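Notes follow the structure.
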Amino acid sequence: MTFNPRPTEVLADINYVRNAPAPGEPELEFHIDDPARDTMQVLPGRRVTITDARSANESFSVEESGFQLCRMETKIERFENLQLNPELLDQYCREVEQFLMDLTGGARVVVRQNSVTTRYGAPKDANLPNARPALFAHADNTDASSLENPLKSVLDELEANGVDFDLNEFSRYAYYNVWRCFSPAPQDIPLAVCDARTVDPTDELAVKSITNTSRFGVITHGVTLFKHNPNHRWYYFRDMAPDEVLVFKQHDSKLPLRRTPHSAFIDPSCPPGVPTRNSVEARGAVFFK
């Protein structure tokens, strides 16, 4: 039998925003639960080269390129319906907090339960919000929105838990996503990340995200979409193992590397008939002295 190795690069579509509003026009919106109401346009996508970072002859770090592959052990045995089990959800949040503290050297880390999202390549449970992969280039905050819901929620949670916390005692804070695939390799819809050093500030576009959740009600939040730039360099980590996590930055209050564009994409090199990708992501706020 002849073995045909999968290529180290694939050509695949990344969906960029295509209808950036002119000055004075309304802000674009997208509705997680009702795409028919979206005013943003991301199709057709752009065919780009996405490199398997495992084969790239270079190193990546969350503070230099905006993303990093790490090992992270967990005691969670099954991630299905994690969001509907508060005890398991709290356990995973605490695990991610310790992991981010060890990785970044931060003095305080907060991972809120409502920052954890499980996603599935095929529909699973109507009670799980935001459950499908996001097939467009985006980041989860803007400079403005990072000061609103995420920071306020973190401060409110610390206060509710009786933690004496003064934001002025910290020199910097940053938000990180910790993304784990819990379905076996190979994965049909992996996550691509863009080297943040190849992104120009003019590529960014603030867009309003509207999510209707059964547990937390309607959540409105500013996110960043990206316009196509041929200088962007896209990577993914093929065949992620259950103990691997992809960490990428979503906001930084001081460092110029603010956020990392990311997008799910359909991997054309994945063999047909495999179980569709299941993943879980947690968002952590890290405070530095």
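Key figures
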{"read-out": "Number of the exception - residue 158 against (1) under 30 Å from residue 29 (Cα atoms); (2) surrounded by fewer than 18 Cβ atoms within 10 Å (Cβ to Cβ); (3) modelled with pLDDT under 90", "value": "(1)"}
{"read-out": "Residues of segment 18-67 that turn out to be in a loop (DSSP other than H, G, I, E, B) and either under 30 Å from residue 103 (Cα atoms) or among the small types (Gly, Ala, Ser) (or both), as a count", "value": "18"}
{"read-out": "Any hit, segment 151-161, residues being touching a residue at least 24 places away in the same chain (Cβ under 8 Å) and in contact with a Pro (Cβ under 9 Å, 6 or more places away or on another chain)", "value": "no"}
{"read-out": "Matching strands (runs of 3 or more DSSP E) fully within segment 195-289 where at least 3 residues are in contact (Cβ under 8 Å) with a residue 40 or more places away in the chain and either over 14 Å from the mean Cα position of the chain (by Cα) or within 29 Å of residue 170 (Cβ to Cβ) (or both)", "value": "204-213, 217-226, 244-252, 278-288"}
{"read-out": "Any hit, segment 242-250, residues being within 28 Å of residue 80 (Cα to Cα) and of a type in the set (S, T, N, Q)", "value": "yes"}
{"read-out": "Lone unmet requirement of (1) modelled with pLDDT under 95; (2) surrounded by 15 or more Cβ atoms within 10 Å (Cβ to Cβ); (3) out of contact with any Gly (no Cβ under 8 Å at 6 or more places or on another chain) for residue 95", "value": "(1)"}
{"read-out": "Those residues of segment 152-188 which are assigned to a loop (DSSP other than H, G, I, E, B), of a type in the set (S, T, N, Q) and out of contact with any strand residue (DSSP E or B) (no Cβ under 7 Å at 6 or more places or on another chain), in sequence order", "value": "161"}
{"read-out": "All positions within segment 97-113 that are outside any helix (DSSP H, G or I), within 17 Å of the chain's Cα centre (by Cα) and within 15 Å of residue 174 (Cβ to Cβ)", "value": "110, 111"}
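One line per residue, one yes/no per condition, for (1) exposed (fewer than 12 other Cβ atoms within 10 Å of the Cβ); (2) farther than 21 Å from residue 223 by Cβ; (3) β-branched (Val, Ile, Thr):
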| residue | (1), (2), (3) |
| --- | --- |
| 9 | no, yes, no |
| 16 | no, no, no |
| 22 | yes, no, no |
| 25 | yes, no, no |
| 33 | no, no, no |
| 52 | no, yes, no |
| 58 | yes, yes, no |
| 67 | no, no, no |
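The values are calculated or read from the model by the stated rules, or taken from the named source; none is laboratory data. A quick note: this is a predicted structure, and the numbers were derived from the prediction, not measured. Please note: Cβ atoms are built from the backbone with ideal geometry, for glycine as well, and neighbour counts cover all protein chains shown.
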